[in-house]
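The values are calculated or read from the model by the stated rules, or taken from the named source; none is laboratory data. None of these values were measured; they are calculated from a predicted model. Positions of Cβ are generated from backbone atoms using ideal geometry, with glycine treated the same way; all protein chains shown enter the neighbour counts. Just so you know, the surface numbers come from the protein's heavy atoms only, side chains and all, with ligands and any DNA or RNA stripped out. Shrake-Rupley method; radii C 1.70, N 1.55, O 1.52, S 1.80 Å.
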Amino acid sequence: MSIVSTGAKGQTALLMGNDAIARGALEAGVRVVAGYPGTPSSEIIQTLADVASNHGLYVEWSANEKVGLEVAAAGSFAQLRSLAVMKQVGVNVASDFLLHLSEYGTRAGLVLVTCEDPGGLSSTNEGDSRHYAKMMEFPLIEPGNFQEAKDMAAWGFELSEKVHNVVMFRSVTRMSHASGNVVLGEISPGPSKARFQFDGDMMDQMGGPVVTFPGMVDPMHRRQLEKLEMARKIFETSPFNTYTGPNQPDLLVITSSAASLYAREAIDLLHVAERVGLLKLGTTWPLPPKLLAKHLKTSEKTLIIEEGMPFLEDNIKALWTELGPEAGTKQFFGRKDGPLPPTDELNPDLVARALAEILGLPAPTADQAYMGRAAELAKTHAPFRAMTFCPGCPHRASYWLLNSALKQDNRRGFVCGDIGCYTLGVIGCGFNTLKTSHAMGSGTGLASGFGKLNRFGFDQPVMAVCGDSTFFHAAMPALVNAIHNRADMTLVLVDNSGTAMTGFQPHPGSSSDASGGELPSVDIARICEAMGAEVAIADPFEMERAEKTILDLLDKEDGVRVLILRQACALSPGKKGKRLFEMAVDENACLAEECGCNRLCTRIFGCPGLIWDPEAKKTRIDEVICVGCGVCASICPTGAISKKEVAS
Amino acid sequence: MNEDKGNQGQAWIRNQVMAQGLCTGCAACVGLCPYQKFYRDQTAVIHECDRTWGRCSAYCPRGQVDLGGLRTILFEPRDITPELGAVKGLYMTRSTDPEIRDRAQHGGTVSTLVALTLKEGFIHKAVLAERKNNQVSESVAISDPDAVASFAGSKFSVAPTVAKFNEISQGEPSKIGVVATPCQALALARMRAYPQPGDEERMKNLALVIGLFCGWALSFRELRRLIKEKAGADRIQGMDIPPSQHKIMELHTEKGLIEIPMEEVQTCIRESCRYCYDLTCEFSDLSVGSARSPEGWAVDRGWNQVLVRTDKGQALLDLARSRGILEFKAVPPENLDRLKAASLGKKNTCMIQLEEVSGRKEDLIYTRREAILCQ
């Protein structure tokens, strides 16, 4: 079992940020945990799910982030400390409920953890959820190291109970996925009895019905602002806001989160600790005005270093203008006017260069010999990894079929997609089949819209793809919309039996819960049929039949068709490590670059399990990574690739 | 002219043929590689092939075709006429079997000849088009002479005939006869005259090409649109252009007969047919069409005209005569000139269209002006 669960009080453990957050929640006595997977947040819920029975927690992977936050809020309303976890895009999904939640407030501590992805390493955007804290008026905290990740996660519940409102805890990739030493505290057993009180009047936050209601908006909003004011006061003296540096620095750096680590490293690298003051904020909304005023006055130059948009930068500038003449003349630096870049993830080098520029120092240069050696080693030790589907991925087969059918249909048909492994349908490994990709479920919604444009002369066939988890998460309302409005479209559900991209978490279609216990699975095909769609099911590995099914569906006019292309992810627990077929290439039959093939398998199909041998000018099977799905045998024009069933 | 000159592989097919609306749907580029597929009545590129040489463009009837060179290789120079290509003789024939005549659009000559060649063992397999439903045709390979008659009758959309030939010619060696439209016959002629490396053996299987006179084919999508417009959701039981005045298309629905004026049907003609110069299927051993006498339609209703182009074609027709399965009738002397005029008319229309799309007078995308005119 993980040290997150077993580590004793006082013990120092090397913890990944997300594990530190999970430990902090356990130390706070969290009882209810819910959320939806998404990098870089997914480990928090999984870690807690794995120890749920030991600590008496309820942990679930919810259908989407809004439901996850609602489930966690129910825990809070029933007097249990609760945690909701999601990535930045998930906060948008949860935001409708979040506006109502923060207006009314919470009972037992409720922490909303958002793990964000500056630079979009595993995302399609750089969403910065901190703005929700300002927009919806609730407290925001951000840890600046791994110890704080644990400590502030635990403190978040206390804070939530003090101000009777949800607290947003923001992490970023380098905080969630990097590791550091953490001194552990004691795990609290927490209450075991849940009870929902509703006998009081509407403004009785701890005992009345939990409602936001017309006519109550003004008093509730006033009460919400009082809570925010309370948080502001607490933040003025919070130990998570720290200052290191001279009393009168040449430059004041204000920073938060992982950026504070880069700032420390850059100051060290440039040997400017005597000249630069570092104000690290752990409480970033509402800003503590007195603390900031005190430090802003010490220097004429202020550099704000933060991951994400210029949130602190804008709000600190606004605060400075409110301070009036007593604050003196200031020069602000940051992401807005430079020298830091306005977009993308920061790193110590970028921060060091910005510091050097402001301080008039030569730009720090990397050790050229070291860099040269690192580059050399990368060539030989780091294998080239193309952005592509895994060997045996059913999405490659599905896109192969969709592309083939749409090209044969020859009416410039296209596929609308969204977020999942299948987003790769946009690029070559998915044969460039996807022509739109936005939020989860948006492919289906866009297809619903495209499918109504025939009255404007639109005659292109419209398809959408969505994954099985995405279907439950956000595609269902879009599908209902398409069916009700009689859009002409085909939804292809690429059902790989799990939330594959984020690590195979279960979803409502799965038959297990987050901890591996048994749950009833919700049948996608029956849902679609009940909604009124015509439903077909095919296996993308049975290519001939599946392609015919797609062509037939494309031929239908008016109304919504749903095709479920069902084949489990190659990395799914049921398949991983098992090889269905031994694959082999008959060199004599392999046409290779000749007319009649032109390397269809390695140039177009592109499974990483197939290798082009440039010397022999033949295709080979990569025995190490081939999972033996057998699909390449179906696409080989000469039958040179053969499959032999592996005896089980 | 070197046949390989300008062979750009699939890039030619994509850019010079498909993008220009010239693809005939002959399916010569289908079945030789996995990059093109045929669906309904169209050839589609599924994946891009980056080879700069390919059999697809080498055989494409809208590739850069050396029509003159082909004529020299495949026909006797003295037979070549500017209007009709090689002509050894013009005949009027019909099947002596009234049952076959009944099924056929005209005189049942094609069905009779195909059945004969299969029966005599001149060919082992015949590639024929089958009207799958009212809008789509498919290609079949049959070896039973008695089955031939069931494939008689007119087809409205193109069938992947050359793809079917590609498929079976790559199998066990056997003599294959193909009933082909002009574009399909031209593709087969390119294969026969200049088999590309690796194709020499399979091309030995091509034993006979029976050509069909062809004015145009209809586009599946357009035809389906027209039928839906005319018949709504009513079930279509049959469809025909009766060989009378050729002025109407008959649509037999569950609720009765709908007559569609030919001007409306002609809005459904495949774009590529506008760029075809060949009315009489010049690259065949013999070609067959309807007959039309100067006295009018009714006179020759139920008869075919046959243009014999090669010795093989002549031998086949003579055999049919000697077996008494084809009936012959004297050809009115004006008929050859009328046919020449009609053929020339199509060539001229084609050249005007190609000039328009290419913006050139001589170099007309897939061939040169003088070659169209058999000069």
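GNM on chain B, alpha-carbon springs under 10 angstrom: the most fluctuating residue among B:Leu212, B:Leu128, B:Leu226 is B:Leu226. Excluding same-chain neighbours fewer than eight residues apart, the aspartates and glutamates reachable from B:Lys175 by a Cα-Cα span under 19 Å are B:Glu120, B:Asp144, B:Asp146, B:Glu167, B:Asp199, B:Glu200, B:Glu201, B:Asp285, B:Asp311. Partner shielding of A:591-600 amounts to 6, given as the average count of beta-carbon atoms from other chains within 10 Å of each residue beta-carbon. The GNM of chain B, with springs linking C-alpha atoms under 10 angstrom apart, assigns the highest mean-square fluctuation among B:Ser290, B:Ser137, B:Ser358 to B:Ser358. Taking every C-alpha pair closer than 8 Å and separated by at least 6 residues, the mean separation divided by the residue count of the stretch A:460-506 gives a relative contact order of 50 percent. Placing +1 on the Cβ of every Lys and Arg and -1 on the Cβ of every Asp and Glu, with no other charges, gives the protein assembly as shown a dipole of roughly 1460 debye about its Cα centre. Think of chain B as having a plus end and a minus end, set by charges on the Cβ of Lys, Arg, Asp and Glu; of B:Tyr91, B:Gly215, B:Ser111, B:Gly215 sits farthest toward the positive end of this dipole.
Roughly how crowded by other chains is peptide B:37-45, in terms of the mean Cβ count from those chains within 10 Å of each of its Cβ atoms?
Average neighbour count from other chains, rounded to a whole number: 4.
Considering only A:Val217, A:Ala640, A:Pro40, the residue lying farthest towards the positive end of the dipole of the protein assembly as shown is A:Ala640, judged by Cα position with unit charges set on Cβ. For the stretch A:216-316, with only Lys/Arg (+1) and Asp/Glu (-1) charged at the beta-carbon, what is the dipole magnitude about the Cα centre, in debye rounded to 20? Here the stretch A:216-316 has a charge dipole of around 420 debye. Once C-alpha pairs closer than 8 Å and six or more residues apart are averaged by separation and normalised to the residue number of chain A, the relative contact order reads 10 percent.
Which angle between 0 and 90 degrees, to the nearest 10, do you get for helix A:348-359 versus the longest principal axis of chain A when only C-alpha atoms count? With both axes taken from Cα atoms, the answer is about 40 degrees. Look at where the Cα atoms of the stretch A:287-343 and of the stretch A:39-54 average out, and the two centres are 37 Å apart.
Taking the alpha carbon gyration tensor of the stretch A:3-236, multiplying each eigenvalue by 5 and rooting it gives semi-axes of 27, 20, 16 Å, largest first.
Which translational diffusion coefficient, to the nearest whole µm²/s, is obtained for the protein assembly as shown from the Stokes-Einstein equation, given a Kirkwood hydrodynamic radius over C-alpha pairs, 25 °C and 0.890 mPa s?
In µm²/s, the coefficient rounds to 72.
The Cα atoms of the stretch A:22-147 give a gyration tensor whose axes a ≥ b ≥ c have a/c of 1.5 or more with a/b no greater than b/c, which makes the shape oblate. Here the simple spin-label model places points 7 Å from the Cα toward Cβ, and for B:Glu130 and A:Asn481 these points are separated by 4.6 nm. Calculated on the alpha-carbon coordinates, the convex hull of the stretch B:208-302 measures out at 137 cubic angstrom per residue. Per the Debye formula on identical point scatterers at the alpha carbon atoms of the stretch B:334-375, with no solvent, log10 I(q)/I(0) at q = 0.30 Å⁻¹ is -0.99.
Taking the accessible area of the protein assembly as shown, probe 1.4 Å, and keeping the other protein chains in place, the carbon and sulfur fraction comes to 53%. Packing-based ranking of B:348-356, B:177-185 yields B:177-185, B:348-356, ordered from highest to lowest mean Cβ neighbour count within 10 Å. Measuring between alpha carbons in the structure, the pairs from A:Lys548/B:Lys119; A:Lys576/A:Lys643; A:Lys134/A:Lys294; A:Lys618/B:Lys125; A:Lys87/A:Lys576 lying more than 29 angstrom apart are A:Lys548/B:Lys119; A:Lys618/B:Lys125. For the stretch A:308-384, the list of chymotrypsin sites (Phe, Trp or Tyr not before Pro) that fall in a loop by DSSP and count at most 13 other C-beta atoms within 10 angstrom reads A:Phe384. The simple spin-label model puts a point 7 Å past each Cα toward its Cβ; for B:Trp53 and B:Phe328 those points are separated by 4.7 nm. If you run the Gaussian network model on chain B, springs between alpha carbon atoms under 10 Å, then out of B:Gly68, B:Gly324, B:Gly302 the most flexible one is B:Gly324. Over the stretch A:570-648, the alpha carbon radius of gyration divided by the compact-protein estimate 2.2 N^0.38 Å works out to 1.09. Taking the DSSP bridge list for chain A and keeping only pairs wholly inside it, about 25 percent are antiparallel. Placing +1 on the Cβ of every Lys and Arg and -1 on the Cβ of every Asp and Glu, with no other charges, gives the stretch A:3-236 a dipole of roughly 300 debye about its Cα centre.
Placing unit charges on each Cβ (+1 for Lys and Arg, -1 for Asp and Glu) gives the stretch A:435-501 a dipole about its Cα centre, and among A:Met489, A:Ser469, A:Thr499 the Cα reaching farthest toward its positive end belongs to A:Met489. Only beta bridges with both residues in the stretch A:3-236 are counted; by DSSP, about 20 percent of them are antiparallel. Its Kirkwood hydrodynamic radius, worked out from the mean inverse distance over all distinct Cα pairs, puts the stretch A:394-566 at 15.8 Å.
Centre-to-centre separation between the Cα atoms of the stretch A:233-275 and those of the stretch A:133-172: 20 Å. Counting Lys and Arg as +1 and Asp and Glu as -1 over every other residue whose Cβ lies under 14 Å from the Cβ of B:Arg369, the net charge comes to -2. One Cα centroid belongs to the stretch A:464-506, the other to the stretch B:1-77; the line between them spans 41 Å.
Listed by chain and number, the lysines placed with their C-alpha closer than 28 angstrom to that of B:Lys340 are B:Lys88, B:Lys155, B:Lys247, B:Lys312, B:Lys329, B:Lys361; residues fewer than eight positions away on the same chain are left out.
With each label modelled as a point 7 angstrom along the Cα→C-beta vector, the A:Asp218-A:Thr436 pair spans 4.3 nm. Computed on the stretch B:8-93, with alpha-carbon pairs under 8 angstrom and 6+ residues apart, the relative contact order is 29 percent. Beta bridges per DSSP, both residues in the stretch A:242-359: antiparallel share near 20 percent.
Estimated from the Cβ-Cβ distance and a Förster radius of 51 angstrom, the FRET efficiency linking B:Arg78 and B:Arg225 is about 0.60. For the stretch B:320-375, applying the loop criterion from DSSP together with a ceiling of 11 other beta carbons within 10 Å to the trypsin sites (Lys or Arg not before Pro) yields B:Lys361.
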